[in-house]
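In what follows, a single structure is set out as structure tokens and then discussed.
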């Protein structure tokens, strides 16, 4: 997890059930699955925060550019993310031997040539890739 230290990211864990299951009242996945895994990862030195309710986690971290939220399904993660950052979001793929970023909204081929697409997310993706590559070059 050296990415965390080199880039200063902070890792947060979303939940599966409403209100993180409320200690098993609204679902047992947080207690029986997520909390033990998070605990094990923390013991291994991975600084992942315990599961937090998705309905407030994104809002609470919306202004933290170093927050990384681990979500357990496509819609649990991307729905609030795109609501807040649709034209600014950047996807960063971790664990690859190369730097890979992309606009979070995808290619938007359906908007090509219509004069309605925003380049904001692409520009941010390129800037992040350049910054990460420079950091890699410095070691």
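The values are calculated or read from the model by the stated rules, or taken from the named source; none is laboratory data. Just so it is clear, the model here is predicted, and its values are computed rather than measured. All Cβ positions, glycine included, derive from the backbone under ideal geometry; neighbour counts span all protein chains shown.
Structure values in brief
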read-out	value
Failed item, numbered, when residue 72 is tested on (1) over 13 Å from the mean Cα position of the chain (by Cα); (2) closer than 19 Å to residue 22 by Cα; (3) part of a loop (DSSP other than H, G, I, E, B)	(1)
Unmet requirement for residue 63, which otherwise passes all of (1) over 15 Å from the mean Cα position of the chain (by Cα); (2) part of a loop (DSSP other than H, G, I, E, B); (3) without any contact (Cβ under 8 Å) to a residue 40 or more places away in the chain	(1)
Sole exception among (1) in contact (Cβ under 8 Å) with a residue 60 or more places away in the chain; (2) assigned to a loop (DSSP other than H, G, I, E, B); (3) under 15 Å from the mean Cα position of the chain (by Cα) for residue 16, by number	(3)
Filter pass, residue 99 being touching a helix residue (DSSP H, G or I) at 6+ places or on another chain (Cβ under 9 Å) and not in a strand (DSSP E or B)	yes
Subset tally (residues that are surrounded by 15 or more Cβ atoms within 10 Å (Cβ to Cβ) and touching a residue at least 60 places away in the same chain (Cβ under 8 Å)) for the range 108-139	1
Filtered residue count, the range 85-107, keeping only those that are at pLDDT 80 or above and either exposed (fewer than 10 other Cβ atoms within 10 Å of the Cβ) or more than 15 Å from the chain's Cα centre (by Cα) (or both)	5
Residue satisfying condition, being part of a loop (DSSP other than H, G, I, E, B) and either in contact (Cβ under 8 Å) with a residue 40 or more places away in the chain or loosely packed, with under 14 Cβ neighbours inside 10 Å (or both), within set 77, 45	45
